[in-house]
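Heads up: the structure comes next, in structure tokens.
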């Protein structure tokens, strides 16, 4: 079990690793890269691999006994990780589609999992030089470049047209139905389109009221940003209202909704809509 002081001591080192990975990604981003296709149809670039290798190497220096589960090394072999209580969960380049499109909306995500929950999270956005971080028992922060860190907090939704954060790359029929019902109930909505874990961070900053993720994601996509959001006063839950858990037998996440404070029932907008992979 990590103490709050343990986690506070880790934050600067993990943020440093994320920034170093971001610098390596930007070097490739600016000088050209090849794009390959993984077996699941998603893109893979040389930047994904370079960031993965750097993060895993530096985390091993930080604590050589702590397992690392990264998107670029993950094999869905539950028997090999079933007994892990504490481990690093990493997406070395979240938003590879955004990277390929060169819109800058990609991140490095590093989370520390303890007992199936993220207890530390760092989300770094290389192009913006922006880092979000938090650990359990402490506030959430964002820092841009060398500026002073700023505490962030979610907004409280009280009805009316909300700010809905949506993916640039993953529009789905379920989301269309969600938004139609939301318009009927609240008289409209405004949309902020964004890529990668930045969507969850926008809710954590209070600039968005809700981010419905009604499609497939993996554990490394959400863990670090979930920790930031929860420390900022928000929640990221499945349709039963239960916070996402990590190191499941399947690394796929269920559908989830990230939201600010308040007790608005976002999931009632999904009544009768079946969750599909």
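Let me know the shape class of the chain, please: from the alpha-carbon gyration tensor, a ≥ b ≥ c as square roots of the eigenvalues, rounded when a/c is under 1.5, otherwise prolate if a/b is greater than b/c, or oblate.
Details: a/c = 1.43, a/b = 1.35, b/c = 1.06.
Rounded shape, in that the Cα axes give a/c under 1.5.
Can you tell which of 71, 53, 82 shows the greatest fluctuation in a Gaussian network model of the chain with Cα springs below 10 Å?
For the chain, modelled as a Gaussian network with Cα springs under 10 Å, the answer is 82.
Kindly rank 200-208, 27-35, 95-103 from highest to lowest mean number of other beta carbons found within 10 Å of each residue. Let's see the in-between values first.
On the way: 200-208: 25.4, 27-35: 12.6, 95-103: 19.0.
So the order, starting with the most tightly packed, is 200-208, 95-103, 27-35.
For the chain, set up a GNM with springs between Cα atoms under 10 Å and report which of 166, 140, 50 has the largest fluctuation.
Checking each option, the largest mean-square fluctuation is seen for 50.
Nearest 10 degrees, 0 to 90: what angle lies between the long axis of helix 219-231 and the longest principal axis of the chain (Cα atoms)?
70
Once you place label points 7 Å from the Cα toward the Cβ at residue 153 and residue 181, how far apart are they in nm?
Distance between label points: 3.1 nm.
Between rounded, prolate and oblate, where does region 112-226 land on the alpha carbon gyration tensor, with a ≥ b ≥ c its root eigenvalues, rounded for a/c under 1.5, else prolate if a/b exceeds b/c?
Since a/c reaches 1.5 and a/b is larger than b/c, the shape of region 112-226 is classed as prolate.
Once you wrap a convex hull around the alpha carbon atoms of region 4-152, what is its projected area averaged over all directions, in nm²? The partial results should precede the final answer.
Values: hull surface 37.2 nm².
Result: 9.3 nm².
As a check on your grasp of the helix formula, calculate [θ] at 222 nm for the chain: sum -39500 (n - 2.57) over DSSP H runs of n ≥ 4, divide by the residue count, round to the nearest 500. Intermediate results must be reported in sequence, preceding the final value.
Numbers: 7 runs with 89 residues, N = 277.
Helix contribution divided over all residues of the chain: -10000 deg cm²/dmol.
In whole Å, what is the distance between the alpha-carbon centres of region 1-76 and region 161-201?
Each part's Cα centre sits 29 Å from the other's.
For labels at residue 263 and residue 1 in the simple 7 Å Cα→Cβ model, what's the distance in nm?
Placing both labels 7 Å along Cα→Cβ, they lie 3.0 nm apart.
What FRET efficiency comes out for the pair residue 274/residue 245, r = Cβ-Cβ distance, R0 = 22 Å, nearest 0.05? Can you show the working numbers first?
Values: r = 22 Å, r/R0 = 0.99.
Plugging the Cβ-Cβ distance into 1/(1 + (r/R0)^6) gives 0.50.
Just so you know, all these numbers are worked out from the coordinates, no wet-lab data involved. Just so it is clear, the structure is predicted and the values come from calculations on it, not from any experiment. Every residue, glycine among them, receives a Cβ derived from its backbone with ideal geometry; neighbour counts consider all protein chains shown.
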